[in-house]
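Enquirer: I'd like to ask some things about the structure below.
Each value in this text was obtained by applying a stated rule to the coordinates, not by laboratory testing. Model, not experiment: these values are computed from the prediction. Ideal geometry is used to build each Cβ from the backbone, glycine not excepted, and the neighbour counts take in all protein chains shown.
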Amino acid sequence: MATIKEIARECNVSVATVSNILNHKPGASDETRKMVMKKVKELNYTPNSVARNLKTKNSRSIGVIVEDMTIFSVPDIVDGITEHCEEKNYQILLINLRLFKKFQDTYYHRDDYYSMVKDEIWKLISKQVEGIIYVAAHERTIRCIPEDLPIPAVMAYGYTESEKVPSVVVNDEGGAYQIIKHIIDQGHSRIGVITGKNDSPHAQERLVGYQRALYENGILYNPSFVCVGDWTRTSGYQCTDRLLEQNVTAIFCMNDLMAGGVYDRLEELELRPGEDISVAGYDNRELSGYYKPPLSTITLPLHDIGYEASEIILKMLEKENEDGTEAVHRVNCYPLIRKSVKKIKE
């Protein structure tokens with residue numbers, strides 16, 4: 001590979017002149033610039049960005065560690081990070097831990113993989129990244145980012161419980177409130193709910209949003225209208241009969257997969273979603289638009305979470321927040337209203 005010294009020798013100019021031309025600095029004549037750039041092309045010269053970054057201590061790169069790229073939430077978050085970094089002329093170095101592929105969801109309740117994360121963090125630091133964004137596959141408390149990290153870090157789609165490492169998460173309470181308010185506005189007061197796993201922050205916050213919407217509209221919360229699911233289509237199917245026995249007129253599922261299970265069971269019972277019983281979901285998975293009728297749901301702001309995580313870390317790098325940043329940033333969801341919730345009389 002050619003060096004600046006070789007280009008300078010071939011052009012009979014100084015190394016400083018070649019360096020200035022390559023860095024778009026003034027001082028050289030047009031003729032000299034053309035000669036140098038022609039020789040750069042002939043010799044296939046590539047700037048040594050690593051050496052330059054070591055000198056300037058500014059790589060304009062962010063390390064992004066994701067738990068598993070195959071989880072539906074992760075690609076959109078990474079896309080949001082990438083978009084903002086592109087706007088600010090930063091590049092990302094992406095590490096895919098493949099945790100779900102290796103362990104399924106059992107790693108959600110373990111911390112033995114933290115050493116793997118820390119190894120990847122230090123590898124990224126050795127490559128001169130200026131900051132780290134960790135992208136979780138599922139919201140929960142994760143303490144894998146060292147407190148003594150010499151560069152800024154942000155957690156996307158997870159909680160760190162650290163003042164040094166901000167968390168960017170979904171406003172799940174607000175999302176659930178919006179979809180339940182829509183169901184209530186259509187005249188429903190007997191609204192069943194199929195939750196996710198009890199230990200999930202998503203499920204806990206969505207239940208609070210459900211309860212708040214009932215309270216603010218003068219509807220008593222009835223625990224018998226709540227059936228605990230586990231995020232799977234099977235659990236949605238299994239909870240349907242129990243809720244129908246309670247004479248609910250609408251069923252809110254805390255994700256679209258469980259709503260698919262409700263549709264399955266209603267079809268077996270010769271009941272029509274959106275007509276005989278209203279159904280709503282959460283997450284706006286692609287499949288929800290293909291249900292018959294298409295499912296009213298809540299769209300997760302995944303891209304916005306990534307974008308905001310990138311905004312936060314670049315502000316930390318620019319030291320705009322001298323007194324620190326908020327510990328938890330909640331990004332709002334928005335409803336996608338289709339035809340699965342029927343308007344009924346009061």
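Enquirer: For the chain, what are Rg and Dmax over the alpha carbons, in angstrom?
Expert: When restricted to Cα atoms, the chain yields Rg and Dmax of 26.5, 90 Å.
Enquirer: Something else about it: List, in the order given, every pair from Lys25/Lys123; Lys127/Lys164; Lys38/Lys88; Lys102/Lys123 whose Cα-Cα distance in the structure shown is over 25 Å.
Expert: Flagged as over cut-off: Lys25/Lys123; Lys38/Lys88.
Enquirer: On to the next question. Just to be sure I understand the rule: take each whole DSSP H helix in the chain, project its Cα atoms onto its long axis, keep it if the span is 27 Å or more and its mean Kyte-Doolittle hydropathy is at least -0.5. Which ones pass?
Expert: none
Enquirer: Report the Cys residues of the chain lacking a disulfide-compatible partner, meaning no second Cys Cβ under 4.7 Å from their Cβ.
Expert: Result for the chain is Cys11, Cys85, Cys144, Cys253, Cys333, no neighbouring Cys Cβ within the cutoff.
Enquirer: Of Gln186, Trp231, Val13, which is farthest towards the positive pole of the chain's charge dipole, taken about the Cα centre with +1 and -1 on the beta-carbons of Lys, Arg and Asp, Glu respectively?
Expert: Positive-end residue among those listed: Val13.
Enquirer: Quick one: which residues, 5+ away or cross-chain, put their amide H under 5 Å from the amide H of Tyr334? H built at 1.01 Å from N.
Expert: Thr299
Enquirer: To continue, here is another question. Could you calculate the FRET efficiency of Asn247 with Lys315 from 1/(1 + (r/R0)^6), where r is the beta carbon distance between them and R0 is 56 Å, rounded to 0.05?
Expert: 0.60
Enquirer: Might you report the magnitude of the Cβ-based charge dipole of the chain about its Cα centre, with Lys and Arg at +1 and Asp and Glu at -1, to the nearest 20 debye?
Expert: 1180
Enquirer: Ok, one more. Based on alpha-carbon centroids, what's the gap between the stretch 136-163 and the stretch 263-323 in Å, whole number please?
Expert: Centre-to-centre distance over Cα atoms comes out at 23 Å.
Enquirer: Grab the beta carbon distance between Arg272 and Tyr114, set R0 = 51 Å, and tell me the FRET efficiency rounded to 0.05.
Expert: Once rounded, the FRET efficiency stands at 0.55.
Enquirer: Also, I was wondering about something else. Return the aspartates and glutamates within reach of Lys343: Cα separation strictly under 12 angstrom, same-chain partners fewer than 8 residues apart disregarded; answer none if there are no such residues.
Expert: Asp185, Glu275, Asp276
Enquirer: Run through every distinct alpha carbon pair of the stretch 4-47 and return the Kirkwood hydrodynamic radius in angstroms, one decimal place.
Expert: After inverting the pairwise mean of 1/r, the radius is 10.1 Å.
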